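Chemist: Once you've had a glance at the structure underneath, I'll fire off some questions.
The values are calculated or read from the model by the stated rules, or taken from the named source; none is laboratory data. This structure is a prediction, so every number in the text was calculated from the model and none was measured. Using ideal geometry, Cβ is built from the backbone for each residue, glycine included, and neighbour counts are taken over all protein chains shown.
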Amino acid sequence: MEEWGYKELREYVGEVFSNSINDGLNALEAGGRCLYEFANVIEEGDTEKTIFYISVANLQINSGILSSRIYEVVDNIIKSFDFDTIVDELGITDAKDLSLRIESLKTKMQSVEVIG
């Protein structure tokens, strides 16, 4: 993860999502805009992809819904998450934060409406 810092990427995803909502989009559309805006970031590597999708999933769930596309990717991330690999790239503090966010999503994803 050279171009983006962990917190920087999470914050920027949140900013694009919030701006999209403020522009009149709903949470599904805001997630779609984030996918478009961050297409290159998602392709940079697994760590960036994980941070992006975990961030968007949390933002959508906090709005009461989750797109099926985001759900499928996050479900795969949860199943294959390897803490040791993430620690090597992010460092222990950010890796722990990301791990906690992923654990939190496991529960939240079971009680949210998945659409699309």
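Chemist: Taking the residues in region 85-110 that are closer than 19 Å to TYR71 by Cβ and touching a Leu at 6+ places or on another chain (Cβ under 9 Å) as candidates, determine which candidate is modelled with the highest pLDDT. First the steps, then the outcome.
Modeler: Taking region 85-110 first, the residues closer than 19 Å to TYR71 by Cβ are 98, 101-110.
Keeping just the survivors that are touching a Leu at 6+ places or on another chain (Cβ under 9 Å) gives 98, 108-109.
Working: LEU98: 97, LYS108: 93, MET109: 93.
If we take residues in region 85-110 being closer than 19 Å to TYR71 by Cβ and touching a Leu at 6+ places or on another chain (Cβ under 9 Å), then LEU98 is modelled with the highest pLDDT.
Chemist: A further question follows. Could we say that ILE115 is under 21 Å from GLY31 (Cβ atoms), modelled with pLDDT of 95 or more and within 17 Å of the chain's Cα centre (by Cα) here? Working first, answer last.
Modeler: Numbers: under 21 Å from GLY31 (Cβ atoms): yes; modelled with pLDDT of 95 or more: no; within 17 Å of the chain's Cα centre (by Cα): yes.
Spelling it out, it is not the case that ILE115 is under 21 Å from GLY31 (Cβ atoms), modelled with pLDDT of 95 or more and within 17 Å of the chain's Cα centre (by Cα).
Chemist: Right, here's the next one. Assess whether PHE52 counts as being closer than 19 Å to ASP97 by Cα, out of contact with any Asp or Glu (no Cβ under 8 Å at 6 or more places or on another chain), surrounded by fewer than 22 Cβ atoms within 10 Å (Cβ to Cβ) and not charged (D, E, K, R).
Modeler: So PHE52 fails the test.
Chemist: Determine if region 8-28 includes at least one residue that is closer than 16 Å to ARG69 by Cα and either surrounded by fewer than 14 Cβ atoms within 10 Å (Cβ to Cβ) or not hydrophobic (A, V, I, L, M, F, W, C) (or both).
Modeler: Yes, that holds for at least one residue.
Chemist: Give the residues of region 59-116 that are of a type in the set (Asp, Glu) and either touching a residue at least 24 places away in the same chain (Cβ under 8 Å) or surrounded by 14 or more Cβ atoms within 10 Å (Cβ to Cβ) (or both), sorted by residue number.
Modeler: ASP75, GLU89, ASP94, ASP97, GLU113
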